Structures are given as structure tokens and as C-alpha cells.
1. Tell me the trypsin sites (Lys or Arg not before Pro) within the range 133-186 that lie in a loop according to DSSP and have at most 12 other beta-carbon atoms within 10 Å.
2. What size of dipole, in debye to the nearest 20, comes out for the chain about its Cα centre when the only charges are +1 on Lys and Arg C-beta atoms and -1 on Asp and Glu C-beta atoms?
3. Can you compute the FRET efficiency between Glu590 and Lys87 using 1/(1 + (r/R0)^6), with r the Cβ-Cβ distance and R0 = 51 Å? Round to the nearest 0.05.
4. Tell me which aspartates and glutamates have Cα within less than 16 Å of Lys377's Cα, excluding those fewer than 8 residues away on the same chain?
5. Amide H to amide H, which residues 5 or more places from Glu179 or on other chains are under 5 Å from it, using H placed in the peptide plane?
6. Is it possible to state the helix-based mean residue ellipticity at 222 nm for the chain, with each DSSP H run of 4+ residues giving -39500 (n - 2.57), the sum divided by total residues, to the nearest 500 deg cm²/dmol? What is it?
7. What ranking, highest mean first, results for peptides 499-512, 369-382 when packing means the other Cβ atoms within 10 Å averaged over each residue?
8. In what sequence, highest mean first, do 290-302, 270-282, 61-73 appear when ranked by Cβ atoms within 10 angstrom?
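Here, each number is a calculation from the coordinates, and none is a lab measurement. A quick note: this is a predicted structure, and the numbers were derived from the prediction, not measured. Every residue, glycine among them, receives a Cβ derived from its backbone with ideal geometry; neighbour counts consider all protein chains shown.
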Amino acid sequence: MNTNNNAEQQSASPKKTSQQRGYKSNRKRRTNHQSMRVKNTKKGFNRKPHNQHKKQPIPELAENDIRVIPIGGVEQIGQNMNIIETKDDIFVIDIGIQFSSEAETPGVDYIIPNVKYLTERKDKIRGVFVTHGHLDHIGAFPYIIDQLGYPKVYCGLLTKWMIDKRNAEFPHLEKLEYEVVKPGDRITVGNNMKIQVFAVTHSIPDAIGFSFETSQGNIILAGDTKLEHINGAPVQREIDAYGKLEREDQKNLLFLSDSTNAEQPGWSKNEEDIIENIIEMIGEAKSRVFLGTFASQIVRITAIMEGAHKFGKKVILEGRSMKTNVDICIKSGRWIPPKGLIISADEAQNYAPDKLVYLLTGSQGEEFAALMRISTKKHPKIKFNERDTVILSSSVIPGNNIAVQKLKDNLSRHGLRMVRYQTSDIHASGHGNQDELLWIQKTINPKFFMPVHGHHSMLRAHAQAVVERNGHNPKNIIIPDNGTILDINKDGFTVHKAKAPNNVTVVEGFRVGDIQDVVVRDRKTLTKEGIFVVIATIDPKTGKMRKSPDIISRGFVYLRDSQELIQGARNLVKQSIIRNSKGKNPVDFEVVKKKLTDDLGRYLVQNTGKRPIIIPVVLGI
Ligand SMILES: [Zn+2]
């Protein structure tokens, strides 16, 4: 995954509200249409006085309208999925995952798009179109593709291999049917939908965009995009790719555009320059070079390997995802390494240190990744020395700052030479900055515009720039949420009040389903406050305690140093149980437990300032 490798993207300056700016926002329904659909959404039409919580029904799609729904990826980085629906067909674009954060959703492996809208209309699905092979665009395939009834997958060659590799870990899945497409292809899918495939620049080979030539005009999705440019002038290949989508009889109606780096001014660094800089460093190195980068940066990785070869050097790959991705490139035939270039860590001892280049994972300070293990002297085969050069060719993903600092400290202890992206041009994002995005938008020149792929502030910054700097009419911009239903035709559009189901769907171990708020809340409490278990045995008739209660705690306080607190708790347990069971025959255990939890909770927070999860076990014997 390569989408959130930008430390810069956290800055989210307050933006004006949609009403202030005058954009179409899905939060407030308005319509440009004078069409019949207006009566559908007339005040009161959907009103449910007896059940305010009942969801708005999803309106039928009008005969000549095209429906567009960003199912995921417009309130976060990840879980990218968009759909285009006509009267007869549904086309799905990308099936991505979002990596979950330990702080927000502890214990959750991934967050995936909610596909209820699609499963309810499974018969209309004509294909899945995949822009490129990063996990935030393909990672949810194994959890979702069977629910969609295994539609045909249209994608580039490397993307196909990446999807198959991803699915290989899920043996219950059926084999997918693919149609490998390439830039310049114009394919027909479903009920005569023509789809143009065009090349986009990203950090992985075979990244493509799709232009769906609907009866109302082209609906264009470019996936993750940046531009290859020379000092802010895009190369001819880019001009051709974006400039030729519109034709006399086929206008560009709507463009959905990557917003990841919309808040970053100017042009992003050219990947070509980055690669050149790194290769130059490798050439000049008098001893071993270790390059830490994202395994998703496949364009960079293969180019650097070829560069190393030119200097007669050998390459050692370390880290599972690094090895896997290079392996997929080779097996798919997408990249053939020069013979003898890649060697194993064991073979390295047969070469002089200045002939060795290591490509490693772990530039984010991941505990078990190659870089960290070598830096903490835990790697069985590789040891650093002060003649080595370590190049950290990646930015710091927000949230990883502490881990990366630890990595840098560990590396520094070896007295080696460290090159970081802040001081040298050795890393560029795979996503274009604002000026690139504006160039693409202007070149495509769609009538309507929808920023996607990013947090809300990124979408809004993108929309704002398109209005202020490209002069786009703000009324023709739609800033969506996950599940926003947009019905569009060449005259206008409607953003419906109803949304496609969009409640958070998670993968937790073997379970796929709704997020269980209570479980997540408990996990958060457990990590912060700990757990406190009381076991009391009482006479079920009288409520009298058989013996002093047992107390067990984890992650709360160190019991041995807290005898006074524990003794106080024991006394309190006795009093609480007696008070709530006395004179009751039989004793109501539920009441006893509830009161005990309340009493203990109050006591513990007063004495420790902490609120552990309290589990009362009251046994009647
Ligand atoms: Zn990507």
C-alpha cells in the first residue's frame, strides 16, 4: 500500500463549510434537476413520523441517469471502492482495504468496503475494474469477491498477479476470470458500455485509469495519480493520456480524482529524479548500501536494481513483502532482472562490500522488519558496521514517528552513514501535489467534478483548489461521503438523501462483519485501565460469604504493592454483598453483581484514578 506514505498529509487546516463555499455537499440535498425525480424527494415523501431512525429508502434509478457511488475511500485513506450503475449494469472499480489503527480500533485487522448495496443488486454486476495493485485498491478481494458472485476482473498484467497473490492465502476462493487490459484499449462490457483504458503514473507499474463512455458522457476514474514532468511541464505521454479522453460525440461528464496530496502545494518530486539520485549514491558508495523503502514502490525498486547492476553490484532482498513483490514482477514477466543480479544474504560473503546493495523493508520502524532487526543486532545473517550507508527512501507515515525515531537511534549507534528523505531527494510520493491534480482536472475538463481518495479535508482542499485556481463552477462539484448516491445526466445531478449502506465493516481474525462497538470499547479500556476480577462465594439463601473474596487483576495496579487498596476492596465487596442480599431468599445474583460492580468502580476510581473493567463472579454454593 502506498497511499498514506506522506507525513505531510496530516496538516488539515480548517476549511470553509460547503454552504460558505457553495459546493454541492451530500450533507444537504439540493438538486439541479428540473426532472420528474424532484417529486420523489418532495418534503414529507420519505418522512417516517413513527420511526425516525428508519433508513431512507434508496430511490430507483431514472431511465437515462447514471448512478455513481463512492462506497469507500472518501472519508479515509484506504478501502477504495466506487461503483457506476446504469439501468442495466453495475461496474465496480477497485476493492481495497484500510489498515486499522491500534489506537482507534484495537484488535481489528482491516476495514473493508461495505458491499450491501452491491450484494442486493448482484445480478447487475458486469465486472470489477482495478486501477492498480496496491492493497488499498485490491486488498479486500478475498473478503468480497465471492459475495459479488465472482464477476470478471479487468486490470493490468501486474495487477492481476498481485490480486492472485493476495487471494492465494484464501484457498476457499474460486479462480478468478480476468481480462488483462492495457492503455489504449477500448473494451465493451455489459449492455454495450464502452470503456477506454488509459495510462496513469503511479509508484507501481501497470497503473491505469478507466473512462466509462456512458450515454450521458464519460465518467472517468484515474485511480492513484501523479505526473511525470520536467519542472512542472508534464511529458507528452501525460498530455496524450488525459487529453484524448473527450471526443466530439463523447463529452467528459464527471471526473473522480485522487485527493491524497491535494493539500500539498506545487508539483511533487519526479520519481525519475529520485531514482537517479539514489543510483548515484549507490555508484559512489565505497562499502555496502542498505536501502529501506516501501515494498509497494515497485517502480523505484526495480529501477534501482538495474542501476546497481550497471555498477557491477549485487542485490540482496530482505523482508517478506519486498521479496514477494519482486517475485511477482519476475513471474508475471513484467520485469526480468539481469542474470545473477539478485543473490542471497549467504552469498553476499563472496563479494567485496562495495559490490553489495541491500533492499529492505522496515523503513517505518516496524519491530520485526529487516531494518529494525539488523539495527538491534537480532538478524542472524546481516550485521551493520561503520562503513555502511543506510538510505531511508520513504517519508514517515503519520503515527509512526516514535517507531521511526527509535529506528534512527538504533541505526546511529552503529556509527554508519544515514541518508534521510528530509535532507536528500530520495523519496517522492506516488500521489500528485495540488498543481498536478489541477493540471489533470483542467486537461480532462469534465462538466462535473468529484474529489475522492482521501480524508474529508483533502477532498475539500481539492475542491477548493479546482474552484479557485481552475475556475470550475462550485455548483458542479460534489464532495461525497462513503455511500453517497449521485444520480447524474448531462444536464445536472441529484445527491440523494438516502445513502448506500456504509456502516464500518471489519476483518477480525476469521470474522468479517460489522464493527462491534462494545468489543472495541472494552479493548480500549483493557489497554488503558486494565481488568479487575472479584470472585466471591456466598450462601444462596442467606447471602453470607463462605470465605474472603479472591481478587485477580491484570494491567491495573501491581497487587503486591497495593495491599491496602486490595484489603479495602475486600471489605467493600463483603459490605456490598451483604447489603444487597440480606433478607432476600433466594438472593438475586444479578442485582448483587450489578451493585458490586458500581460500588467497586467508585472505590477504585477514588483511590487510583483508574477505571478498570470489573468482572464480578458471584458463586452460590
Ligand atoms: Zn496506490
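1. Answer by residue number: Lys175.
2. 2660
3. Calculated value: 0.35.
4. Straight-distance partners of Lys377: Glu318, Glu366, Glu367, Glu386, Asp388, Asp409.
5. Distant-sequence amide H within range of Glu179: Val153, Tyr154, Cys155.
6. Mean residue ellipticity, 222 nm, calculated: -8000 deg cm²/dmol.
7. 369-382, 499-512
8. My ranking of the peptides, most packed first, is 290-302, 61-73, 270-282.
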